[in-house]
1. Identify all residues within region 36-52 that are surrounded by 15 or more Cβ atoms within 10 Å (Cβ to Cβ) and away from the ligand (no atom under 16 Å from the Cβ); write none if there are none.
2. Based on what the data block shows, is residue 177 touching a residue at least 12 places away in the same chain (Cβ under 8 Å), away from the ligand (no atom under 14 Å from the Cβ), among the hydrophobic types (A, V, I, L, M, F, W, C) and farther than 29 Å from residue 32 by Cα?
3. What about residue 55, is it closer than 20 Å to residue 121 by Cβ and at pLDDT 95 or above?
4. Among what's in region 144-166 and is near the ligand (Cβ under 10 Å from one of its atoms) and within 12 Å of the chain's Cα centre (by Cα), pick the residue that is farthest from residue 108 (Cα to Cα).
5. Within the set of pairs 6+ apart or on separate chains, which have a first residue in region 109-125 that is in contact (Cβ under 8 Å) with a residue 60 or more places away in the chain and closer than 15 Å to residue 91 by Cα, a second that is of a type outside the set (Lys, Arg) and within 11 Å of the ligand (Cβ to nearest atom), and C-beta atoms under 6 Å apart?
6. Search region 83-105 for residues being within 15 Å of the ligand (Cβ to nearest atom) and among the hydrophobic types (A, V, I, L, M, F, W, C), and hand back the single one that is nearest to residue 21 (Cα to Cα).
7. Of the residues 63, 33, which is surrounded by fewer than 16 Cβ atoms within 10 Å (Cβ to Cβ) and touching a Gly at 6+ places or on another chain (Cβ under 7 Å)?
8. Read through the list (1) in contact (Cβ under 8 Å) with a residue 40 or more places away in the chain; (2) touching a strand residue (DSSP E or B) at 6+ places or on another chain (Cβ under 6 Å), then give the number of the only condition that residue 62 fails.
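The values are calculated or read from the model by the stated rules, or taken from the named source; none is laboratory data. This is a predicted model, so every value here is computed, not measured. All Cβ positions, glycine included, derive from the backbone under ideal geometry; neighbour counts span all protein chains shown.
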Amino acid sequence: MPTRPYVIDEMISAKAIAARIEALCREIQAEFEGTNKLTVVGLLRGSFVFIADLVRELDLPIEVDFLEASSYGDGTESSREVRILKDLRGAIEGRDVLVVEDIVDTGHTLHHVSNLLLSREPARLKTIALLDKPSRREVDMKADWIGFEIPDEFVVGYGIDFAQRNRNLPFIGKVRFTS
Ligand code: PRP
């Protein structure tokens, strides 16, 4: 539970997110055109809203799977240790894979997960992140598709939490502490 009072200022509206997802899906469809072996992998928990909207815009035959990785505690600081808390249900060897992430911050989570999934020998592995904070990067990692590049602000909503709260906001907001 958050310990200091705060308010949330809207940063990216639900409408802007929807429009960006539509544009991204056109590019993703061009990349994966003709495939019948695409697995869209959501990284829990943060990507659950993004992947739900993304797959409903994708006119491709897909399977959906989830993997849970964790690099944060209940605060705002990232630790370097990435733990796999829940692995995929399905095999990805020889399949096309699209990894869906809510935010790339230090890059450790996506870096670790990409390497893990690549070791399983998919035919093709691509990554997409709704938000990218390049100023925070600690490892050389960039998603193939990015929704929005943002400055180093503390963001919540659209799946992203502050101490497990605010994931259900329909927009991306910026946390502003009031004391
Ligand atoms: C957050 C976020 C990304 C990751 C990004 O996940 O959802 O997966 O951190 O940080 P990084 O680039 O510094 O690795 P978190 O571990 O908080 O779990 P959650 O998705 O369950 O909120």
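1. Once the filter is applied, which keeps residues that are surrounded by 15 or more Cβ atoms within 10 Å (Cβ to Cβ) and away from the ligand (no atom under 16 Å from the Cβ), region 36-52 yields 37, 38, 39.
2. yes
3. The answer is no for residue 55.
4. This residue is 159.
5. These pairs meet every condition: 113/69.
6. Only one residue tops the list, namely 100.
7. Criteria check complete, one pass: 63.
8. (1)
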